[in-house]
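What follows is one structure encoded as structure tokens, with my remarks underneath.
Derivation of every value follows stated rules applied to the coordinates shown; laboratory data play no part. What you are looking at is a predicted structure, and each value in this text was computed from that prediction instead of being measured. With ideal geometry, Cβ positions are generated from the backbone for all residues, glycine too; neighbour counts draw on all protein chains shown.
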Amino acid sequence: MGDLQDRNRAVWSAGDWDAVAQKIAEIGPRRLDHVGVEPGMRVLDVGTGSGTNVAIPAAQRGADVVGLDLTDAWFGAARRRAAAAGVEVEWVVGDAEALPFEDGSFDRVLSTFGHMFAPDHRRAGQELLRVCKPSGSVGFTTWLTRGLSGQLFRVVGAHAPPPPDGIGVPPQWGDREHVRAMLAPAEPEFTEDEVVYTARTSDELAQFFLDNFGPLVTLRASLPPERVEALDADLRTTYAGVNEATDGTLRASAAYLVTVAKPA
């Protein structure tokens, strides 16, 4: 797993995750409302990135927050954003498969499309539960296969080498039965929601992700020029295909699964 985690670290250090996070900034506060975050609670945000989605909004609600990520590449942006918001967050480098905290350390353990990229899904799911207090809640969002983000996974999967045997792939976290198996014996509850992307054109949004989304940035860097052209064309065609706007602009929805569970 060490080589895979090194590769993941390189992937999520590439591009500009802080810019990508702004596109989905509304999702974190919605989830804080869903699980309930109150002053004085101890909250862990797994896969925090630059803290936009959960860590900083939770701190603004008076929680004692730790933001954890596999790489510290975005902690500079996180600190700037936290300072601008007038809050303090503890930023920690760590692995979702081996969280560096004692059992039952947090009232809320949250992840916004973070832990779903860990290679060992079972370990990642069990770690979220392990560090949560028995009276607390684990809550996370994972992309569904329909809509814009599901199509992004399809494009990446079509152009990237297949994962090693036995390694989970992120879209599996959009399947409720898979999530149940990864969290068992905890019994999760599910809802669904969506985020809407807008842009001047579908090509503009496709280029934004090609330039800034770490998995696409690193995939393009690994391919010969002709395959980069094919990847770029595939993403542009795909985004045009999911466009709901009829005036030449882009409006596309991305559906996601919301999971809440309590330690068994």
Taking alpha-carbon centroids only, the range 216-240 lies from the range 151-208 a number of Å equal to 18
Per-residue ellipticity at 222 nm for the chain, helices alone: DSSP H runs ≥ 4 residues times -39500 (n - 2.57), over residue total, nearest 500 deg cm²/dmol? -12500 deg cm²/dmol
Exposure proxy ranking, count of Cβ atoms within 10 Å, fewest first, for Val155, Val20, Val43: Val20, Val155, Val43
In whole percent, what relative contact order does the range 28-137 give with Cα contacts below 8 Å and a gap of six or more residues? 29
Which order do Val138, Val196 fall in if you start with the one that has the fewest other Cβ atoms within 10 Å? Val196, Val138
Residue by residue through the range 33-44, which ³J(HN,Hα) values in whole Hz follow from phi under the Karplus form 6.51 cos²θ - 1.76 cosθ + 1.60 (θ = phi - 60°), with glycine and proline marked x? 5, 5, 8, x, 10, 10, x, x, 5, 9, 10, 10
